[in-house]
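The values are calculated or read from the model by the stated rules, or taken from the named source; none is laboratory data. Note that this is a predicted model, so its numbers are computed, not measured. Methodologically, a virtual Cβ is constructed for each residue, glycine included, from the backbone with ideal geometry; neighbour enumeration extends over all protein chains shown. In case anyone asks, the SASA skips ligands and DNA or RNA and just uses the protein heavy atoms, side chains included. Shrake-Rupley method; radii C 1.70, N 1.55, O 1.52, S 1.80 Å.
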Amino acid sequence: MTRKALFLFICLSGIFGMAGAQKKAVIKIQHADFYKPEPALKRNKLIGNVKLTQNNMVMSCDSLYQYSDSNYVEAFGHVHAIQNDSLHLWGDYMIYDGNSQLAKVRRHVVMQDPTITLTTDFLDYDAQDRIGYYFNSGMLKDSINTLISDMGYYYTTTHDMFFKDSVKVYTPDYTMHSDTLIYNTDSKIIRITGPTTIYGDNRTLYSENGWYNTLSSHAELYKNNVLTYNEYIAYADTLVVDSLTSTAIMKNNIHMYDTVNNIIVGGHYGEVLKNNDYAFITDRALLTLVGKQDSLFVHGDTLSVSKDSAGNNVMKAYYDTRFFSRDLQGLCDSMVFPVVDSTIHLVGTPIVWASGNQMTATQIEMLMANNVIKEFHLNKKAMIINRIDSTKYNQIKGRDMVGHMQNNELYLVDVNGNGETLYYPDDKGVIIGMNKAISSYIKIYLANRKVKDIVFLQKPEGNLNPLFLVNPEEMRLRDFQWHIEKQPQTKEEIFLK
């Protein structure tokens, strides 16, 4: 074809295109090296350095079919479309409808604007609304992140990318697997709108609603949130994670599980700080030591976990601490539980009730195995009281005491120093008097929550008096205090102040 004939063809194709487009913007052929009409197929074939335009779109390719009765083209080889000098679209093959301004690009497709590069093999692009859509796997890259999914929509005017099905996100700090999410290529914020798992160093986050700022490494999650870190699993209605400050904030319906030590911590507000070296929970805070037959429930204004000098976890409950299980209840100002040695330290006027006995001391230690109490150590001003009736109490007093537990029952008490006893021996269920004795070291054996036998390791001083000879003021050892009104009777009562 001569240049004159080619110029005439281009003009005529524009006129025919305008008629077929019903006043829609026509596709204008700007150049082609060769032209071949194919009237039987109602199309024209253009070959070599083909260039065409429509509105703000400029397109080029190796060859082209231009259909004479419609505003429609098929482009082959090195297809390249440019919109507004900013958005570029490449591929091996493209169908473009000038009326709908919809481009269907196939094979080795690349979409690029100043902020992102999108690659796929199947892309539809709506040039009028400036929306790109792929449906057979695609990958988006920007200066920071890489996102992959089976389906995706890119809204070029708002810079929002909607990803659906088998979504994978690679950020400098995390890897995400998701069902559905939205990514803004300007703000670098990911909005989670479906089941999503975020993988980081030694931790995993799961959520179904929230957002994550990939620039600041700040995430806020609002639905079905789960945080997994080493042996810990945490749930909360709201989870806020800031990787730059190594802080996680949990709000409402918090449940944290230590799967190694069988410990559960709950509450309504909590924080994990300093690379997991310190954490606390407050607002109806509850610590549960899970046992095989029974669990111990502990409440304090605040529950915390920190590290000791050897890097081991130390748990604390402080300010008006109370605890309850079926066989053990108590209260104190604060409780300290170094997990590594399974010893619970009670400080601040501690009182413990076990097997019908009230135990008090300046400090009490409870030695545990598998979350079951094995021993009580009552240090300084130790005293154990067992109520018989409204006026009679078995009483043991000493400098220090060790109470031994078996099958959740107190069966032996060792009194070490300054031992005093006041108890009511019985003969076949009949109390025969009141026995009061003093000895530095004493062993008291109990059965069925009653004193069964007392062994004085040093010669005692004391006597047994019939009840009718006992004065009421003699029925109490010095410092006797009975605190039954403070004893939690149910799990819920540990929250009462």
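Below are the figures for this structure:
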{"quantity": "Most positive-pole-ward Cα, G270, S63, S166, against dipole of the chain from beta carbon charges", "calculated": "S63"}
{"quantity": "Note, ³J(HN,Hα) from phi for the stretch 62-68, Karplus 6.51, -1.76, 1.60, rounded to Hz, x at Gly and Pro", "calculated": "7, 8, 8, 9, 10, 8, 6"}
{"quantity": "Mean Cα-pair separation over length for the stretch 45-111, i.e. relative contact order, pairs under 8 Å, 6 or more apart, %", "calculated": "23"}
{"quantity": "Mean ellipticity per residue at 222 nm, deg cm²/dmol - from DSSP H runs of n ≥ 4 across the chain, formula -39500 (n - 2.57)", "calculated": "-1000 deg cm²/dmol"}
{"quantity": "For K223, distant residues with modelled amide H under 5 Å away", "calculated": "E208, N209"}
{"quantity": "V272 accessible area, 1.4 Å probe, all protein chains in place, Å² to nearest 10", "calculated": "20"}
{"quantity": "The stretch 149-166 residues near the modelled S216 label - backbone nitrogen below 15 Å, point 7 Å along Cα→Cβ", "calculated": "none"}
{"quantity": "Where trypsin sites (Lys or Arg not before Pro) fall in DSSP loop in the stretch 240-308, at most 15 other Cβ within 10 Å", "calculated": "K274, R284, K292"}
{"quantity": "Set of aspartates and glutamates near K164 by C-alpha distance (under 13 Å), chain-local residues within fewer than 8 positions excluded", "calculated": "D150, D179"}
{"quantity": "Residue-normalised accessible area of the stretch 28-130, given per residue in Å² at a 1.4 Å probe", "calculated": "46"}
{"quantity": "Packing-based order for 376-386, 120-130, 198-208, using average beta carbon neighbours within 10 Å, highest first", "calculated": "376-386, 120-130, 198-208"}
{"quantity": "12 Å reach of a label modelled at F480, 7 Å along Cα-to-Cβ, counting backbone N of the stretch 346-390", "calculated": "385-390"}
{"quantity": "Environment charge of I438, counting only residues whose C-beta is closer than 13 Å and scoring Lys/Arg +1, Asp/Glu -1", "calculated": "+3"}
{"quantity": "Estimated FRET transfer efficiency (D201, I432; beta-carbon r; R0 60 Å; 0.05)", "calculated": "0.30"}
{"quantity": "Net charge, K223 excluded, C-beta distance under 12 Å - Lys, Arg +1, Asp, Glu -1", "calculated": "-3"}
{"quantity": "Rough spin-label spacing in nm, given labels placed 7 Å along Cα→Cβ, for D129 and L273", "calculated": "4.9"}
{"quantity": "Neighbourhood charge, 12 Å Cβ-Cβ cut-off, centred on L41 and excluding it, Lys, Arg +1 and Asp, Glu -1", "calculated": "+1"}
{"quantity": "Cα centre as origin, Lys/Arg/Asp/Glu Cβ charges: the chain dipole, Debye", "calculated": "540"}
{"quantity": "Aspartates and glutamates with Cα under 20 Å of K42, excluding same-chain neighbours fewer than 8 positions away", "calculated": "D69, E74, D97"}
{"quantity": "Relative contact order for the chain, counting Cα pairs under 8 Å that sit 6 or more residues apart, in percent", "calculated": "5"}
{"quantity": "Greater than 32 Å apart at Cα, pairs in K251/K380; K374/K459; K292/K459", "calculated": "K251/K380; K292/K459"}
{"quantity": "For the stretch 379-390, 3J(HN,Hα) per residue [Karplus equation, 6.51 cos²θ - 1.76 cosθ + 1.60, θ = phi - 60°, Hz, x = Gly/Pro]", "calculated": "10, 6, 6, 6, 8, 10, 10, 10, 7, 9, 8, 5"}
{"quantity": "Tilt relative to the chain, helix 3-20 - C-alpha long axis, 0 to 90 degrees, to 10", "calculated": "60"}
{"quantity": "Accessible area of the stretch 75-169 belonging to carbon and sulfur atoms, whole % at 1.4 Å probe", "calculated": "52"}
{"quantity": "Ranked order, I388, I29 - accessible area, probe 1.4 Å, largest first", "calculated": "I388, I29"}
{"quantity": "Integer Hz, Karplus 6.51/-1.76/1.60 couplings in order for the stretch 329-335, x for Gly and Pro", "calculated": "9, x, 8, 5, 6, 8, 10"}
{"quantity": "Area of D33 that stays accessible when all protein chains are in place (1.4 Å probe, Å², to 10)", "calculated": "60"}
